[in-house]
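Novice: Below you will find the structure I want to go over with you.
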Amino acid sequence: MKDLSMDVDALDAEAERILRMNDRGGYSVPTAGLYPYQWNWDSAFAAYGYAMFDLDRGWRELEVLMAGQWPDGMVPHIQFHKVDPSYFPGPDIWGGVGPVPSSGISQPAIAATMARLVYELDPGAGAERMRALYPKFIAWHRWFMEWRLDRDAVCLTHPWEAGRDNAPDWDGPLARIDPSGIAPYERRDTGHVDPSMRPKKADYDRYLWLVKQGHDCGWDQAHLRDVNPFRMADPTMHFTLLRGHRDLMWLGAELGLDTGPLPDWIAQLEAGAETLWNAQLGAYDCRDAVTGDWADAVSNAAFLCWYARVDPKTTAAVYARVQSKVQFGVASHDPDSPAFEPKRYWRGPTWAMMNMLIAMGLDEAGRPEGAALRASTVRLIAGNGFAEYFDPLTGAPAGGKDFTWTAAIWLGWASPKARRGRWAA
Ligand code: GLC
């Protein structure tokens, strides 16, 4: 293991350097080369990171993100502000129909929660900007409530929508898709990063088949709901949206704004969480909305139940078991599962920003595991740099380098000098 003695100032400076380097003028890219556009939840974390040294820049990130909102309320998972041939699939393949060339799917709704954290850093400076963003967040959350519920649990319609691209949770439903007929294509991701750390070709074929399906029906949600064979009710989508609703409630009360449907939406999603509880697994799980089958997978998203403030039931015992198997952070997939691969993206690696969300919930619930998770994420980053994700067994960095969200959560949460939000213990 590397020397973990820490020079906090040097790490803080490096994180700031990465955020400035990945700034494209009002929006950030996750990392140059591999991800040269604006991604939705990456941007929300970035806003919090920027706000640590430049509050105005933090708000700007959220404003640019929300300016890409579609007329139906959806906020796309990628906005292609400036076309870059080093990424595939680009705007022509997606055929998004919003004000900015974009993808046609969304991503976990953490932006309202990050906006609250940014607001809390300086309510006086943020009030007007938050007021302007508020109705946009409501419209986005309404889109999820209108189009993405199954038994009151929030669904994704493409693996990229959950932000957990190749998680074993999707193996079953993806296997049912026959991707023959998609046009030949050339991946660009494996030119940037070791292919053993990326999704496999069989997955990619299906990702593209699903994109084509959305593109062919003009991303009409009513139509897609009828024809899309991939529809998974998922703890990532569900818990982040529920938490986002709660933070909008708080902001609405704080700013004297009309909270409209939020109390009903919160009650609805609290009830819907029950339909994600897999009693046999002892954890919240993904449920296939088409077949009713469980994924039977303990992912790191299961541990967002505290963040969403739903009843954790027996989750703490499962958390203790999976944590006893790894050295760093929370593994994205159960280390005891045969599908666990410690370096392959969402099939095992630990992700610093997921660790932050999980720890926020644990801290708020008054549980000691939150501080322990932060300490292990600190060791992870201090010893291995600002990688996209890490091997949870060894801490080895994986995926892209100089990653925006890893730098952002360092500055906003992990760094011993971070001005963490009010939730922090
Ligand atoms: C990958 C990740 C996703 C992230 C994106 C940009 O697709 O799985 O969560 O938003 O890269 O970093």
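Novice: Express in whole angstrom the spacing between the alpha-carbon centres of the stretch 12-61 and the stretch 116-147.
Specialist: A separation of 19 Å, based on Cα centres.
Novice: Positive end of the dipole of the stretch 316-370, charges at C-beta (+1 Lys, Arg; -1 Asp, Glu), about the Cα centre: which of Phe328, Met353, Ala365 has its Cα farthest in that direction?
Specialist: Of the candidates, Phe328 comes out farthest on the positive side.
Novice: Placing +1 at every Lys and Arg Cβ and -1 at every Asp and Glu Cβ, with all other atoms neutral, what dipole size does the chain have around its Cα centre, in debye to the nearest 20? Before the final figure, lay out each step's value.
Specialist: On the way: 43 positive and 55 negative charges, 95 e Å.
My answer is approximately 460 debye.
Novice: Another question, then. Using helices alone, what [θ] at 222 nm do you get for the chain, with -39,500 (n - 2.57) per DSSP H run of 4 or more residues, divided over all residues and rounded to the nearest 500? Could you put the intermediate results ahead of the total?
Specialist: On the way: 17 runs with 192 residues, N = 425.
Result for the chain, helices only: -14000 deg cm²/dmol.
Novice: What residue among Ala387, Ala13, Ala115 has the largest mean-square fluctuation in a Gaussian network model of the chain, using Cα springs under 10 Å?
Specialist: Comparing Ala387, Ala13, Ala115 in the GNM, the peak value goes to Ala13.
Novice: Out of Gly260, Gly348, Gly58, any idea which swings most in a Gaussian network model of the chain, alpha carbons joined below 10 Å?
Specialist: Taking springs between Cα atoms under 10 Å, the residue moving most is Gly260.
Novice: Per residue, how much accessible area does the chain have with a 1.4 Å probe, in Å²? Each step should come with its number before you reach the end.
Specialist: Details: 14530 Å² over 425 residues.
Counting only protein heavy atoms, the per-residue value for the chain is 34 Å².
Novice: Quick one: accessible surface of Asp56, probe radius 1.4 Å, all protein chains present, in square angstrom to the nearest 10.
Specialist: Only protein atoms counted, so the area is about 90 Å².
Novice: Over 23 Å between Cα atoms, which of Lys313/Lys417; Lys343/Lys401; Lys200/Lys343; Lys325/Lys417; Lys82/Lys201 qualify? Write down the numbers at each step before the final one.
Specialist: Values: Lys313/Lys417 34 Å; Lys343/Lys401 14 Å; Lys200/Lys343 13 Å; Lys325/Lys417 29 Å; Lys82/Lys201 27 Å.
Long pairs (Cα-Cα over 23 Å): Lys313/Lys417; Lys325/Lys417; Lys82/Lys201.
Novice: Let me ask something else. Tell me the net charge near His81. Cut-off is 13 Å between Cβ atoms, His81 excluded, with +1 for each Lys or Arg and -1 for each Asp or Glu. Intermediate results must be reported in sequence, preceding the final value.
Specialist: On the way: positive: Arg24, Lys82; negative: Asp23, Glu61, Asp84.
So the surrounding residues net to -1.
Novice: By Kyte-Doolittle mean hydropathy of at least -0.5 and Cα axial length of at least 27 Å, which whole DSSP H helices of the chain are selected? Walk me through the numbers on the way to the answer.
Specialist: Values: long enough: 123-147 (35 Å, -0.43); 235-255 (29 Å, 0.01).
Those that pass (Cα extent of 27 Å or more, hydropathy at least -0.5) are 123-147, 235-255.
Novice: Tally up the carbon and sulfur contribution to the accessible surface of the chain as a whole percent, 1.4 Å probe, everything protein left in place.
Specialist: Details: 7580 of 14530 Å².
Heavy-atom surface of the chain belonging to carbon and sulfur, 1.4 Å probe: 52 percent.
Novice: Express in whole angstrom the spacing between the alpha-carbon centres of the stretch 229-270 and the stretch 157-192.
Specialist: If we compute the Cα centre of each part, the gap is 28 Å.
Novice: Follow-up question, since we're still on this one. Can you compute the label reach from Ala320? Point 7 Å from Cα along the Cβ direction, backbone N cut-off under 15 Å, restricted to the stretch 367-387.
Specialist: The answer is 367-370, whose backbone nitrogens lie closer than 15 Å to the label point.
Novice: With springs only between Cα atoms under 10 Å, which of Thr236, Thr190, Thr406 fluctuates most in a Gaussian network model of the chain?
Specialist: Per the Cα network of the chain with a 10 Å cutoff, Thr190 tops the list.
Novice: Please tell me the relative contact order of the stretch 274-425 in percent, rounded to the nearest whole number, where contacts are Cα pairs under 8 Å and at least six residues apart.
Specialist: Details: 274 pairs, mean separation 27.6, N = 152.
After rounding, I find 18 percent.
Novice: For Lys417, what accessible area in Å² do you get when you roll a 1.4 Å probe over the heavy atoms of the protein chains, rounding to the nearest 10?
Specialist: My reading of the accessible area for Lys417 is about 120 Å².
Novice: Length gain on complete extension for the stretch Ser86 to Tyr185, per 0.36 nm per residue less the alpha carbon to alpha carbon distance? Could you put the intermediate results ahead of the total?
Specialist: Details: separation 99, 0.36 × 99 = 35.64 nm, distance 1.33 nm.
Net length gain for the segment: 34.3 nm.
Novice: Normalised by the number of residues in the chain, what is the relative contact order in percent for Cα pairs under 8 Å and 6+ residues apart?
Specialist: That works out to 18 percent.
Novice: Using the basic label-point model (7 angstrom from Cα toward the beta carbon), what is the Thr394 to Arg131 distance in nanometres?
Specialist: A separation of 5.5 nm, rounded to one decimal place.
Novice: Lys/Arg Cβ at +1, Asp/Glu Cβ at -1, dipole of the stretch 14-153 taken about the Cα centre: which of Trp41, Gly73, Ala112 is farthest positive-ward?
Specialist: Gly73
Novice: Same structure, new question: Would you mind calculating the gained length between Glu364 and Arg151 on full extension (0.36 nm times residue separation, minus the Cα-Cα distance), in nm to one decimal? Intermediate results must be reported in sequence, preceding the final value.
Specialist: On the way: separation 213, 0.36 × 213 = 76.68 nm, distance 2.77 nm.
Working it through step by step, the gained length comes to 73.9 nm.
Novice: I would also like to ask the following. Taking the Cα centre of the stretch 256-385 as origin and charging only Cβ (+1 Lys, Arg; -1 Asp, Glu), how large is the dipole, in debye to the nearest 20? Before the final figure, lay out each step's value.
Specialist: On the way: 11 positive and 15 negative charges, 144 e Å.
The dipole of the stretch 256-385 has a size of about 700 debye.
Novice: I've got another one for you. Give the residue from Ala396, Ile409, Leu380 lying farthest towards the positive end of the charge dipole for the stretch 373-425; charges sit on Cβ (+1 for Lys and Arg, -1 for Asp and Glu) and the dipole is referred to the Cα centre.
Specialist: Ile409
The values are calculated or read from the model by the stated rules, or taken from the named source; none is laboratory data. The structure presented is a predicted model; accordingly, all values stated were derived computationally and were not measured. Cβ atoms come from the backbone with ideal geometry, glycine included; neighbour counts cover every protein chain shown. For the accessible areas, the whole protein counts, side chains as well, though only heavy atoms, and no ligand, DNA or RNA atoms are used. Shrake-Rupley method; radii C 1.70, N 1.55, O 1.52, S 1.80 Å.
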